[in-house]
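The values are calculated or read from the model by the stated rules, or taken from the named source; none is laboratory data. Fair warning: this is a prediction, and the values are worked out from it, not measured in the lab. Glycine also receives a Cβ, built like all others from the backbone with ideal geometry; neighbour counts cover every protein chain displayed. Note: accessible area is taken over every heavy atom of the protein model, side chains too, but ligands, DNA and RNA are not part of it. Shrake-Rupley method; radii C 1.70, N 1.55, O 1.52, S 1.80 Å.
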Amino acid sequence: MSCAAHHSPNEASFEAYARTAGGRRLAAAFGRARQEGRAALVGYWMGGYPDVPTSEQALAALVRGGCDVLEVGVPFSDPVADGPVLQHAASKALERGATLRQVLEAAARVQAAAPSVPVVIMSYYNPLLQMGTDHFTAAVASAGLAGLIAPDLPLEEAEGLRCELEERGLAWVSLAAPTSGPRLARLARASDGFVYAVSRLGVTGARQDVAPQARELVEALRRTTPLPVAVGFGVAGPQQASAYRFADGVVVGSAFAALWERQGNDPPAALHGVEHLAFTIRRALEGP
């Protein structure tokens, strides 16, 4: 089985380079941010954390705070790419019985309430395999979501799933790292909607410094694809987000979960805090 892995040349907008309906929605969100003179904000929340209903409220708070794209994580017992904050969030979600199907249902409700903010699922491969990739892609399409990020599935083993997604109009979003080397171009060509640039080696988690290799990675990706490039892993707050404005977007996750961990004993205040943090990061992406 094979599916498209290239982008049309000689087009002007991000959206023109996407291959699927989901990819076009993602690219259009980055394009709208670019038209406003800023980088896009991609907000991540672990589905089911601290419980399914509250995770849905937190995602709605990210929308109110101005996120352009949402990533909804699927809790998994062995989240190898996640740092301590998101590992803890996944563990809490699993303890409270969150399932992949519940996470998809919650994401669908958020997507229906905010259709202009495309939602992508970020899941390790095992939960998808357990559900069955055909059932999973059908459920994502039925939910009206935009696509999938699978951080532990190598591109070389992902073609079947990529094709299933594409046949249902869903985007496959590649992760590219500073160590991707010769694979960088293939990862970029396979991606749809945007490319996720991993700013540093290691796991997710807010850092106080700015990854020095991130700019070089973004520039290398831009030489291989006209799609927008978003930087993730290590964006702690407005200051770091502002420093990554050379990218087309930034991905923030651990900072939101860490805030909840500090304030979650007062859910209304914590939800307000998540919304406010998203708002301040988005403002920082507008520049001085």
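Checked against (1) in contact with a strand residue (DSSP E or B) (Cβ under 9 Å, 6 or more places away or on another chain); (2) open to solvent by 20 Å² or more (accessible area, probe 1.4 Å), P267 meets all criteria but (1). Selection over segment 14-31 of residues that are part of a helix (DSSP H, G or I), open to solvent by 10 Å² or more (accessible area, probe 1.4 Å) and not charged (D, E, K, R) gives a count of 6. Has segment 33-47 got at least one residue that is closer than 15 Å to L104 by Cα and surrounded by fewer than 24 Cβ atoms within 10 Å (Cβ to Cβ)? So far as segment 33-47 goes, no, none of its residues is closer than 15 Å to L104 by Cα and surrounded by fewer than 24 Cβ atoms within 10 Å (Cβ to Cβ).
I'd like the full set of residues that are over 17 Å from the mean Cα position of the chain (by Cα) and either open to solvent by 40 Å² or more (accessible area, probe 1.4 Å) or of a type in the set (A, V, I, L, M, F, W, C) (or both), limited to segment 222-241. R222, R223, T224, P226, P238, Q239 - these are the residues of segment 222-241 that are over 17 Å from the mean Cα position of the chain (by Cα) and either open to solvent by 40 Å² or more (accessible area, probe 1.4 Å) or of a type in the set (A, V, I, L, M, F, W, C) (or both).
Residue by residue, here is whether (1) modelled with pLDDT under 95; (2) β-branched (V, I, T); (3) closer than 22 Å to L59 by Cβ holds:
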{"residue": "R215", "(1), (2), (3)": "yes, no, no"}
{"residue": "P228", "(1), (2), (3)": "no, no, yes"}
{"residue": "G249", "(1), (2), (3)": "no, no, yes"}
{"residue": "F256", "(1), (2), (3)": "no, no, yes"}
{"residue": "Q263", "(1), (2), (3)": "yes, no, yes"}
{"residue": "A269", "(1), (2), (3)": "no, no, yes"}
{"residue": "P288", "(1), (2), (3)": "yes, no, no"}
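Restricting segment 114-135 to residues that are farther than 22 Å from L26 by Cα and touching a residue at least 40 places away in the same chain (Cβ under 8 Å), the residue that is most open to solvent (accessible area, probe 1.4 Å) is N126.
Among the candidates A278, A258, single out the residue that is open to solvent by less than 10 Å² (accessible area, probe 1.4 Å) and either touching a residue at least 40 places away in the same chain (Cβ under 8 Å) or in a helix (DSSP H, G or I) (or both).
Every option except A278 fails the conditions.
In segment 176-197, of all residues being among the basic types (K, R) and closer than 16 Å to Y17 by Cα, the one that is surrounded by the most Cβ atoms within 10 Å (Cβ to Cβ) corresponds to R189.
Restricting attention to segment 248-288, report how many residues are of a type in the set (S, T, N, Q) and closer than 27 Å to L175 by Cα. Number of matching residues: 2. The number of residues in segment 144-168 being buried (at least 21 other Cβ atoms within 10 Å of the Cβ) and modelled with pLDDT under 95 comes to 0. Going through (1) closer than 26 Å to P84 by Cα; (2) open to solvent by 60 Å² or more (accessible area, probe 1.4 Å); (3) at pLDDT 90 or above one by one, R283 falls short only on (1). For segment 41-86, the set of residues classified as part of a helix (DSSP H, G or I) and among the acidic types (D, E) consists of E56 only. Looking across segment 235-251, just one residue is among the aliphatic types (A, V, I, L, M), out of contact with any helix residue (DSSP H, G or I) (no Cβ under 6 Å at 6 or more places or on another chain) and not in a helix (DSSP H, G or I), and that is V251.
Cβ-Cβ distances below 7 Å connect the following pairs, each with a first residue in segment 223-234 that is in a loop (DSSP other than H, G, I, E, B), a second residue that is β-branched (V, I, T) and open to solvent by less than 10 Å² (accessible area, probe 1.4 Å), and a separation of six or more residues or different chains: T225/V195; L227/V195.
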